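Before any comments, here is the structure.
Read-outs: derived from the displayed coordinates by stated rules, not from any lab. Owing to the predicted nature of the structure, the values given are computational and were not obtained by experimental measurement. Quick reminder, even Gly has a Cβ in these numbers, built from the backbone with ideal geometry, and neighbours come from all protein chains shown.
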Amino acid sequence: MSDDLLPETRRALRHRLATAQVEGRAPSAVAAVVRDGRPVWTQGWGEDADGDRQYRIGSISKTFVTVLVMRLRDEGLISLTDPLGAHLPGTVAGDALIRDLLAHTAGLPAESPGPWWERTAGTLRPALGDVLGPDHQVHPAGERHHYSNPGFALLGALVEKLRGQDWGTVLRQEILEPLGMSRTSLRPVAPHASGWAVHPHADVLLPEPLTDTGRMGPAGQIWSTADDLSRFAAFLLAGDDRVLGAESVDRMRMPSSAPAAASWDSGYGLGMQLLRRDGRLLSGHTGSMPGFVATVWTSPDDDLATVVLANCTSGLPVPTVAADLLELVASREPRIPAPWTPLPTVDPELLALAGHWYWGPSAYVLKPRADGWLELISGGPRGARLRPDGNGEWVGTNGYFDGERLRLIRDADGAVTHLDLGTFVFTRQPYDPPDVIPGGVDPAGWRGSDVRADPARAGGVDLGE
């Protein structure tokens, strides 16, 4: 437990978790809140529930697999637009793009053929070819989001092929050990919760099987604790160069497919679910396996994350509870900004760019940052954050100008005359200097309203008879 939250906030969190555990009739539930990169509240409710007790986390496993795939991309071993078969030959889904597998847009089936893989041993699907049947394409590739567990089994096999080790070993070496997640594993390690089904009409329990799903493991095999998932949530908020940099983690939470027409408040990135709730964009993943439900939500804008784990097959709506816990903290104790301090140093040329710029008559402000980034501030929707590319240009990272280049255009003496951002010309004064404005500028210049009374004075516009 931590004193970093106000007592009334801690009580509200405890009340929400306790109410959820009772109303959901879960044998136990545990939750955590992460702020400023560390857990500030952890609470168990029910039998033997605490932050060090393992629960099965189901499809949160997919986010771990995605981190491993993004590491391969960042090392240049793959491109997200590569077909799977370029690196993992011999599967029926060899034409599927790696990006589409991560985003569930490859058109693959939701489940593996044969008996329900979540309740049967992986020995029923011993070979990689067993995770998909002959009718493996249920939608055209790239057209729509259709959640696919076998797709992540293939991604786990891709990791194994390129690393030359089983995916569990790669997981431990490349994510768990660097982040200090010593209580996360593919098989349960005591102390761990038992998985239960709760009778829908009576307060009695039925034990669920704790299966090893074998080849399907990357879709939902991992066991973890609230303490360990708090470390993982802190990583998802800010990245960690030992595992995956912040820019690549940001790429994971970018929407990668349009939601269904009835679900515009939710979506999917690369191995991360997205949820719009009360004006706040949450990213993370939910998980379920027989006997267990789990959720990790993060809100980078609030520097907050929540974790909820429970040992029941259904009944406790952990995605809603996790979102409620995050909202409780964000609304009661909003993020306090770091103190303003002046820049320690600034490039004089960047400083000379600071101030007002105009795209036509629209006013913008360009602000240099200490790290060499630029921020283009607009009163409308076309502001931008721009990162330096190391060659004297900047690249937009958000909004309308995401991916577009900002160039400094100079005269013969080397002085900057205007900015070119994806062909948008920005000048120090509206439409000045006129010779750099696409289409030119009327030579008569700006004029008053009396021009409307004398069409002949309108300048370069032919108003007709």
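Farthest towards the positive end of the charge dipole of the chain, among the residues Leu205, Val33, Gly440, is the Cα of Leu205, using unit charges on the Cβ of Lys, Arg, Asp and Glu. With an 8 Å Cα cut-off and a minimum separation of 6 or more residues, compute the relative contact order for the chain in percent. Reported as a whole number, the value is 16 percent. For the Cα atoms of the chain, what angle does the longest principal axis make with the long axis of helix 61-74, in degrees from 0 to 90, nearest 10? Between helix and principal axis, roughly 50 degrees. For region 237-301, relative contact order (Cα pairs under 8 Å, six or more residues apart, normalised by length) works out to 22 percent. Panel order for Ile175, Ile377, Ile437, by other beta carbons found within 10 Å of each beta carbon, from fewest to most: Ile377, Ile437, Ile175. Under the criterion of Cα pairs below 8 Å and six or more residues apart, the relative contact order for region 143-275 equals 23 percent. Here is the list for region 127-184: GluC sites (Glu not before Pro) lying in DSSP coil, each with at most 13 other C-beta atoms within 10 angstrom of its C-beta, are Glu143. Using only C-alpha atoms and all pairs of different ones, pull out the Kirkwood radius for region 102-171 in Å with one decimal. For region 102-171, the Kirkwood estimate is 12.9 Å. Peptides 282-295, 102-115, ordered by how many other C-beta atoms sit within 10 Å of their residues on average, highest first, read 282-295, 102-115. Taking the fewest neighbouring Cβ atoms within 10 Å as the starting point, the ordered list for Asp240, Asp265 is Asp265, Asp240. Report, as a whole number in µm² per second, the diffusion coefficient that Stokes-Einstein gives for region 178-314 at 10 °C and 1.306 mPa s using the Kirkwood radius over alpha carbon pairs. Estimated diffusion coefficient is 96 µm²/s. With contributions of -39500 (n - 2.57) from each DSSP H run of at least four residues, the per-residue ellipticity at 222 nm computed over the chain stands at -6500 deg cm²/dmol. Values (1) 1.19; (2) 0.93; (3) 1.14 are given for comparison; Cα Rg over 2.2 N^0.38 Å, derived from the coordinates here, is the one labelled (1). Could you state the angle between the C-alpha long axis of helix 7-23 and the longest principal axis of the C-alpha atoms of the chain, as a value from 0 to 90 degrees rounded to the nearest 10? On a 0 to 90 degree scale, this one is about 50. Residue order for Ser148, Ser257, Ser314, fewest other beta carbons within 10 angstrom first, comes to Ser314, Ser257, Ser148.
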